[in-house]
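The structure under discussion appears below in the form of structure tokens.
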Amino acid sequence: MTKEAVQRTIDAIWRMESAKLIAGLARIVRDVGLAEDLAQDALVIALEKWPEAGIPDNPGAWLMTTAKRRAIDLIRRSRLREQKYEEVGRGSELYTEQEVDMSLDGEVGDDLLRLIFATCHPALSPEARVALTLRLLCGLTTDEIAHAFLVAESTIAQRIVRAKRTLSAMRVDFEVPAGEELKNRLSTVLEVIYLMFNEGYAATSGGSWLRPLLCQEALRLGRVLAEIASAESEVHGLVALMEMQSSRFKTRVNSEGEPVLLMDQNRALWDQLLIRRGLAALDRAQKLGRPMGAYALQAAITACHAKARNAGDTDWVRISALYEALSRVMPSPIVELNRAVAIAMAFGPAFGLQLVDQLTAMPAMKDYHLLPSVRADLLAKLGRMDEARVEFERAASMTRNARERELLLRRAAECE
């Protein structure tokens, strides 16, 4: 394997393992910032050793073992947290790869949920909670998080630094809370799991359109949370949304890894078990008798697609009404953009284009690549091909995902 191939493999391993690594270390050292530093130290050592020695059979366990040993060294040098040192370092052999592997299999899920609740502590602002958790669990850079939230990168960087300092100073417990404390953090935890799923469903950047492991982890955490907070309708709404969206994985990319748009997907290949699970979760949310929240409404929209045997059977009028309700519960220009698409499908592209054009003046949408992408699609449907081509090219220049860029450029070429 060439050095470049090893580097790409290490990058892929890091994206898959970093959240587990940081979660396990945070439980040990009780400090999010320190846990991230230790994980990064392990990555640096891997970058030094693996190109020469080869990638180990269980790279995740190797990284965890290395990071834990670094933690022990740090505790030893600082002569702090002696009780934790004894807990981590018990046994003459410290941690073998087999022991770490067993720990990963048995406890890492709980560790990730503990980390989410810790980083969603009420002492932090809602914006800081989301930014920090996306940084740690999804491995997103500050630039990518800023792009997702349409704010300056420096703003996100400051939020993350302040959040780490606050959690460290407060010595926050890395446990899943109960009772009122759980309720107080629940909305942010749900938002973080939702954003974690979305990053896997349509990657912000990189060479792949999907990050399936991230989606699977978000869905698994959602299912665990639905058992812990079974009386909360929005928990079931989020699980329903993730279940039904996960049903499309086989059809979201073609054999070349290129994105396939929703209306072009082979619905016969959608996973019917996941659809049934999603519909059941949505039913549980509705039976709790509370007004539908943002996640339940999005799940209801997704259910309209899931129930349609083919694209032409989709109930776009109902979807438009659901987006109207969603815009009241969760007002945002992105929701308005999606509503415009639904209205275009239900009542014609001219109506949708009027709504999209109103969004172009909004500062928050200036760098959002899906706005020119949607506008291009509507222009193409109206036969305004020259304008559509320009908009597809503009969207391609703005996206950070290589696969999505290729798709947009191909659509631009089709407008010639």
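Things to note:
- Selection over segment 328-352 of residues that are without any contact (Cβ under 8 Å) to a residue 12 or more places away in the chain, touching a helix residue (DSSP H, G or I) at 6+ places or on another chain (Cβ under 8 Å) and assigned to a loop (DSSP other than H, G, I, E, B) gives a count of 0.
- Yes/no for E199 being outside the structural domain of R405 (by the TED database), closer than 25 Å to D37 by Cβ and without any contact (Cβ under 8 Å) to a residue 24 or more places away in the chain: no
- Residues in segment 374-396 that are within 10 Å of C415 (Cβ to Cβ) and among the charged types (D, E, K, R): 6 in all.
- Taking the conditions (1) outside any helix (DSSP H, G or I); (2) of a type in the set (D, E, K, R); (3) closer than 25 Å to D377 by Cα in turn, K250 satisfies each one other than (1).
- Every condition in (1) under 19 Å from L136 (Cα atoms); (2) at pLDDT 80 or above is met by M16 except one, and the failing one is (2).
- In segment 54-69, the residues that are free of Cβ contacts under 8 Å to residues at least 12 places away in the same chain and within 15 Å of M16 (Cα to Cα) never reach a residue that is surrounded by 18 or more Cβ atoms within 10 Å (Cβ to Cβ) and of a type in the set (G, A, S) with C-beta atoms less than 6 angstrom apart, at least six apart or across chains.
- Residue within segment 173-191 that is under 26 Å from E404 (Cα atoms), outside the structural domain of A402 (by the TED database) and either exposed (fewer than 15 other Cβ atoms within 10 Å of the Cβ) or modelled with pLDDT of 80 or more (or both) present: yes
- Complete set of residues in segment 353-379 that are aliphatic (A, V, I, L, M), surrounded by fewer than 20 Cβ atoms within 10 Å (Cβ to Cβ) and not in a loop (DSSP other than H, G, I, E, B): L355, L359, A364, M365, L370
- When segment 160-212 is filtered for residues that are part of a helix (DSSP H, G or I) and at positive phi, only G179 remains.
- Residues of segment 344-385 satisfying the condition of being among the small types (G, A, S) and closer than 28 Å to V151 by Cβ: G352, A361, A364, S373, A376
- Among the residues of segment 31-64, the ones that are within 24 Å of the chain's Cα centre (by Cα) and not small (G, A, S) come to 11 in all.
- Qualifying positions in segment 151-178 - of a type in the set (G, A, S) and farther than 27 Å from A229 by Cβ: A152, S154, A157, S168, A169
- Set L371, L353, L337: member being over 22 Å from the mean Cα position of the chain (by Cα) and aliphatic (A, V, I, L, M): L353
- Being at negative phi and either in contact with a His (Cβ under 9 Å, 6 or more places away or on another chain) or modelled with pLDDT of 90 or more (or both) is a property that holds for N266.
- Scanning segment 393-416 for residues that are over 21 Å from N254 (Cα atoms) and in contact with a Leu (Cβ under 6 Å, 6 or more places away or on another chain) turns up just one, A395.
The values are calculated or read from the model by the stated rules, or taken from the named source; none is laboratory data. As the structure is a prediction and not an experimental result, all values here were calculated from the model. Glycine gets a Cβ as well: all are built from the backbone with ideal geometry, and neighbour counts include every protein chain shown.
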